Each structure stands twice: as structure tokens, then as C-alpha cells.
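The values are calculated or read from the model by the stated rules, or taken from the named source; none is laboratory data. This one's a predicted model, so the numbers in the text were calculated from it and none came from an experiment. FYI the Cβ positions are ideal-geometry reconstructions off the backbone, even for glycines, and counts take in every protein chain you see. Calculation scope for accessible area: heavy atoms of the full protein, side chains included, ligands and nucleic acids excluded. Shrake-Rupley method; radii C 1.70, N 1.55, O 1.52, S 1.80 Å.
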Amino acid sequence: MRIHRRKARLSVVCAALLLTSGSFTRVSTADSTDRPVFSGQATALQGKVLGIAVSPVGDTGYFEADSFLPPTQCLLDEGIAVDHLSATAEILCGSTQGGGDQTSSEAHVAALQADVAGIPVTATVLRSETSAECSALAPVLGGQAQVFEAQVGSVKIDADPLLPTPRNQPVPIPGVPGAYFIVGERTTQYNGNHGAITLTALRVVVPGPLPGTDTDVSFARAHADIRCQGQPACPQPAFVTGGGFLKDKKHFVIAFRNGDPDWGHLMYSDQASGTRIRADKPFGNASVDPALGKEGGGTLSGTSNAGAFVAKIVDNGEPGREDWFSLDIAAAEGTLEGGNLQVHRPCKVPK
């Protein structure tokens, strides 16, 4: 496990922007009015410690354009350690894309062990997915947050399946005055032909000794945004994103685009056996078949640190519990116990 030990860095801009609805630093802007314009960002871990922003982990950066597909930001067996904040995870991953008539972002954290200002935080999976698309020049927003086997302090999230932990509202952390956490924090904004959504799987806030010195950490945060105008261009190939775990906590994340050997990732982690697999790029083959399953499927093959591999996925719809994944080199195969797999098409057209 590699731990990034960092001193919290004061950044007036970043401290003001982190963890506020719809606030991101722009790295590119499109002024074209003949097609939709998107923005997106996904971050596995970000926040501030005692009011000072820390460098995010698994962060795609912010993008705004009529088309973008930046490299995915995925870390295997990584962590961070600064004063008042430490975290380790088997997988920390973020991806975002915009094109056609839609944009989507995903953030994924697997097997989390963290300490936020003295409060222990654990989770098997924290995952956020957001999407923004156009329908008759009107924005349509969607998203889901998945939280599996998570605990903050003494509170086990969803310990009672008949009375799940409240979503999108503060939940007090016992024994720490003023501290709280939020599961599935969601903000949405509509303004004419513009729409934006930001979703965080888990946010933990611990008050500091003085006003403005809170420790405020977000795990698995995804943002998608769209401005509907003109006619979408839909020549881009279909692609796959997703992740989750199989029986016995075999974690994975995967992303690939049809016919593109240079975009995406595959990471696999089996804590019980100590197996860690990371695919090399360029891939040998990446193919998406919209006819598989209910929503499509695909195959990714190539080489990895453990040798040649073939990975296959099937998307059987939301929220992902019937999705299927296999990785031959790890002898791993089955329906997801948690997580989600998605086949994305450039524009929303019937199968």
C-alpha cells in the first residue's frame, strides 16, 4: 500500500471551491452554439483539513467543451496521509466524458479505511454516478450513489434494511459535538436549457476549534452538466464504464471504448489472496456490443502486470445488481454483489 504523505496546502481559490455545489475550476471552455456543451468532473477523495484544502486523489480535473474524454484517473492500492486525515483504499478512481447529447461522470472508492479528524470511516464500496442529457433541447439529469457496508464512527450506515440511513441530509456522529455525515449528497440546478448535478457518496464534516476550520472530506464525488443547444454530433463510438465487487470482496473497476486501445482502465483487487491486477495500455482489443444483455456488453483484452487477460462485462440495467463481470486471469466471474456497469452510447437511441 502506497501512502501519499502531504502537508495541507493553503489555496484561497481551492478552499473556497471545494465541496460547494457546482463549484469547479475550469480548464477548458467551449463557446460554440451549434451543439450541446458539457462539463464534468469526478474525484475519489477531496476536501479540506482544518479549513485548508488538500490535494484531491483520483481526480479527473474539470472539463467544459462540446466533446471531451480525458484519461481516467485510477489508483490501485493507494492512500493519503496528512494531519487530521488519513485514508487507504484498494481502488480510488474517477472518470468523466461528454459528447453527443449527454455527459456522465463516475467516482469509485473500494475497501476504504479512513480517519477523519479522529473519526474512523470504513466502507466496502462508495460510488457515485451522474449524467446529464438533452431531450428536445431540455436538460435531463440523473444520478445514483451506492454505499455498501459503510460505517462512520459508531454509526453503521443502513444497519437496518427496513429503516435505511437518511439520504441527502446531515446525520449526527455520536460523541463528537457538531460533527455529521451525509450519504448520497445531491445538488441539482436547472436554468432554461442548462442543467447540472453533483452527487457525493459520502461526506464527513468535523467542526474545528474556530469558525472556518472544519475538516470536510468527500468520498466518491461526481459532477455532470449540460447546456442544450443546436444539434448533437453522434459519431463517437460506444464505451463502457463501471466497477464493483463479486463474492468474497473481489473488487474491480473497468472502462474502455469501442475500437480505442488507448483509453480506459482495468484494475482488480482480491484482498483475501493479495492479487492486484492492472491492465497495460495500449489494450490489445476493446469492443462494445450493444446487443448483449439488456443494455449491452463488451470485451477488453490485452496484457497486465500478471500476464495476458480477457475481461468481459454485461450491463443488465440499473442499479447494477444483475450486471455481470469476468476476468479470466483471476478466475473471477459472476454477477455483481455491489456496484454498477454501464454501456454508454453517443446519443440516446433505442437498442
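Failed condition for CYS74, given (1) surrounded by fewer than 23 Cβ atoms within 10 Å (Cβ to Cβ); (2) touching a residue at least 40 places away in the same chain (Cβ under 8 Å); (3) out of contact with any Asp or Glu (no Cβ under 9 Å at 6 or more places or on another chain), with all others met?
Against the list (1) surrounded by fewer than 23 Cβ atoms within 10 Å (Cβ to Cβ); (2) touching a residue at least 40 places away in the same chain (Cβ under 8 Å); (3) out of contact with any Asp or Glu (no Cβ under 9 Å at 6 or more places or on another chain), CYS74 comes up short only on (1).
Can you tell me how many residues in segment 302-334 are of a type in the set (Asp, Glu), outside any loop (DSSP other than H, G, I, E, B) and open to solvent by less than 50 Å² (accessible area, probe 1.4 Å)? Give the derivation first.
Applying the first criterion (of a type in the set (Asp, Glu)) to segment 302-334 yields 315, 318, 322-323, 328, 333.
From the residues that got through so far, the ones that are outside any loop (DSSP other than H, G, I, E, B) too are 315, 328, 333.
The next check asks that each one be open to solvent by less than 50 Å² (accessible area, probe 1.4 Å); those that pass are 315.
Residues in segment 302-334 being of a type in the set (Asp, Glu), outside any loop (DSSP other than H, G, I, E, B) and open to solvent by less than 50 Å² (accessible area, probe 1.4 Å): 1 in total.
Exactly one of these conditions fails for ASP158: (1) in a loop (DSSP other than H, G, I, E, B); (2) open to solvent by 50 Å² or more (accessible area, probe 1.4 Å). Give me its number.
Result: ASP158 fails condition (2) only.
Within the group ALA15, ALA30, ALA65, which residue is of a type in the set (A, V, I, L, M), out of contact with any helix residue (DSSP H, G or I) (no Cβ under 9 Å at 6 or more places or on another chain), modelled with pLDDT under 95 and under 29 Å from ASP280 (Cβ atoms)? Before the answer, list the steps.
Numbers: ALA15 fails: under 29 Å from ASP280 (Cβ atoms); ALA30 fails: under 29 Å from ASP280 (Cβ atoms).
Sole residue among the options that is of a type in the set (A, V, I, L, M), out of contact with any helix residue (DSSP H, G or I) (no Cβ under 9 Å at 6 or more places or on another chain), modelled with pLDDT under 95 and under 29 Å from ASP280 (Cβ atoms): ALA65.
Within segment 136-155, can you find the residues that are free of Cβ contacts under 8 Å to residues at least 24 places away in the same chain and assigned to a strand (DSSP E or B)?
Result: no residue meets the conditions.
In segment 190-288, which strands (runs of 3 or more DSSP E) lie fully inside it and hold 1 or more residues that are of a type in the set (D, E, K, R) and in contact (Cβ under 8 Å) with a residue 40 or more places away in the chain?
Because the criterion is at least 1 residues that are of a type in the set (D, E, K, R) and in contact (Cβ under 8 Å) with a residue 40 or more places away in the chain, the strands (runs of 3 or more DSSP E) in segment 190-288 that meet it are 194-206, 215-227, 250-257, 260-270, 275-278.
Could you figure out which of (1) open to solvent by 40 Å² or more (accessible area, probe 1.4 Å); (2) assigned to a strand (DSSP E or B); (3) at pLDDT below 95 isn't true of THR103?
(1)
Output the residues belonging to segment 282-314 that are of a type in the set (Val, Ile, Thr) and either touching a Ser or Thr at 6+ places or on another chain (Cβ under 9 Å) or closer than 14 Å to GLY242 by Cβ (or both). Spell out the reasoning first.
Narrowing segment 282-314 to residues of a type in the set (Val, Ile, Thr): 288, 299, 303, 310, 313-314.
Answer for segment 282-314, where residues must be of a type in the set (Val, Ile, Thr) and either touching a Ser or Thr at 6+ places or on another chain (Cβ under 9 Å) or closer than 14 Å to GLY242 by Cβ (or both): VAL288, THR299, VAL310, ILE313, VAL314.
Quick check on ALA81: is it aliphatic (A, V, I, L, M) and either on the phi > 0 side of the Ramachandran plot or open to solvent by less than 10 Å² (accessible area, probe 1.4 Å) (or both)?
When the stated conditions are applied, ALA81 does not pass them.
Mind checking whether some residue in segment 164-184 is under 29 Å from SER95 (Cβ atoms), at pLDDT below 95 and not basic (Lys, Arg)?
Looking for residues that are under 29 Å from SER95 (Cβ atoms), at pLDDT below 95 and not basic (Lys, Arg), one finds at least one in segment 164-184, hence yes.
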